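Everything on this sheet refers to the single structure shown next.
The values are calculated or read from the model by the stated rules, or taken from the named source; none is laboratory data. Quick caveat: nothing in here was measured; it's all calculated off a predicted structure. Reconstructed Cβ throughout: ideal geometry from the backbone, glycine too, with neighbour counts over all protein chains shown. Heads up: the accessible areas ignore ligands, DNA and RNA and are worked out on the full protein's heavy atoms, side chains in. Shrake-Rupley method; radii C 1.70, N 1.55, O 1.52, S 1.80 Å.
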Amino acid sequence: MSMSSIFSRPRLVVKKVLARAQNEGDGAIVRRSIGRPELQNLDPFLMLDEFNVSPPAGFPDHPHRGFETVTYMLQGAFTHQDFAGHKGTIRTGDVQWMTAGRGIVHSEMPAGPGTHKGLQLWINLSSKDKMIEPKYQELLHQDIPKVEKDGVSVTILAGESMGIKSQVFTRTPTMYLDFTLKPGSEHHQPIPKTWNAFIYIVEGEGVFGSSDSTTTPAHHCLVLGPGEGLSVWNKSSKPLRFVLIGGQPINEPVVQYGPFVMNTKSEIMQAYQDYQLGKNGFERSRQWCSK
């Protein structure tokens, strides 16, 4: 294991936030990292939840406008259905990239008994994309590219790692990598210089940024400062699993009211009104409820 970064300017950890458990939806438990008071957002990211749900809990019918949600299942399965008749189940290792655009109303509920866990990321859309038609990209575990080398395995949900690219189209340019490092291994991952980036530790503990920084355990979100890329070391005796997420900042005002994220207060009022009255993308919400 080398003790130094391969980057002349490695990205160092500039903020560390513990994602504490809180209640959300109908009886669900989430650990929110981005989106809590200490880290309201990290342009272009609005929220990251690690969710833990057992029936009958879940996320019943609710709307979205103005951003994308990315759901990545770590354990179990979730069934989602929306007011356009789109329905499906994502299982362990599957990902659903949902562009809500001008409006979606949907439910997300566990698909069977037991514990269901995953990550849900909210990615903002630029003002020109906020009112586009809704769209889904769904990828099964076996169709998501994976690479393994020198004790490091990576699943490439979006972006590129170790020379392998994801096929996902990211309207807001984004990378989303799921790493597992065996004990004693290290990895050096380039990140586009203009992008914001962060890490969320799923299990184990790791050393991030510089090899002499302190070890950070699971359920922490680490915001990375400027530089060329991330260096990480697993100096422990157990595997380390974390996601590295980065994106190009949109640099526009963010006004959020629950599930609506727009650029101005008047657009938020409009979104709320459209949802209440079933207009401008929410036409189908008046007659619909999930089964």
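See the values below:
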{"quantity": "Degrees between helix 265-277 axis and first principal axis of the chain (Cα, 0 to 90, nearest 10)", "calculated": "50 degrees"}
{"quantity": "Whole-angstrom gap from segment 178-249 to segment 117-147, using each part's C-alpha centre", "calculated": "22 Å"}
{"quantity": "Environment charge of residue 50, counting only residues whose C-beta is closer than 10 Å and scoring Lys/Arg +1, Asp/Glu -1", "calculated": "+2"}
{"quantity": "Rounded if a/c under 1.5, otherwise prolate or oblate - segment 175-291, Cα gyration tensor axes", "calculated": "prolate"}
{"quantity": "Solvent exposure of segment 27-80 as accessible area per residue, Å², 1.4 Å probe", "calculated": "28 Å²"}
{"quantity": "Gyration tensor verdict on segment 98-192 (Cα atoms; rounded if a/c is under 1.5, prolate if a/b is larger than b/c, oblate otherwise)", "calculated": "oblate"}
{"quantity": "Coil-residue trypsin sites (Lys or Arg not before Pro) of segment 104-203, DSSP, other Cβ within 10 Å capped at 13", "calculated": "128, 193"}
{"quantity": "Segments 200-213, 276-289 sorted - mean Cβ within 10 Å per residue, highest first", "calculated": "200-213, 276-289"}
{"quantity": "Rough spin-label spacing in nm, given labels placed 7 Å along Cα→Cβ, for residue 182 and residue 164", "calculated": "1.6 nm"}
{"quantity": "Protein accessible area in the chain, 1.4 Å probe - carbon and sulfur %", "calculated": "51 percent"}
{"quantity": "Per residue solvent-accessible surface (Å²) - segment 229-287, probe of 1.4 Å", "calculated": "53 Å²"}
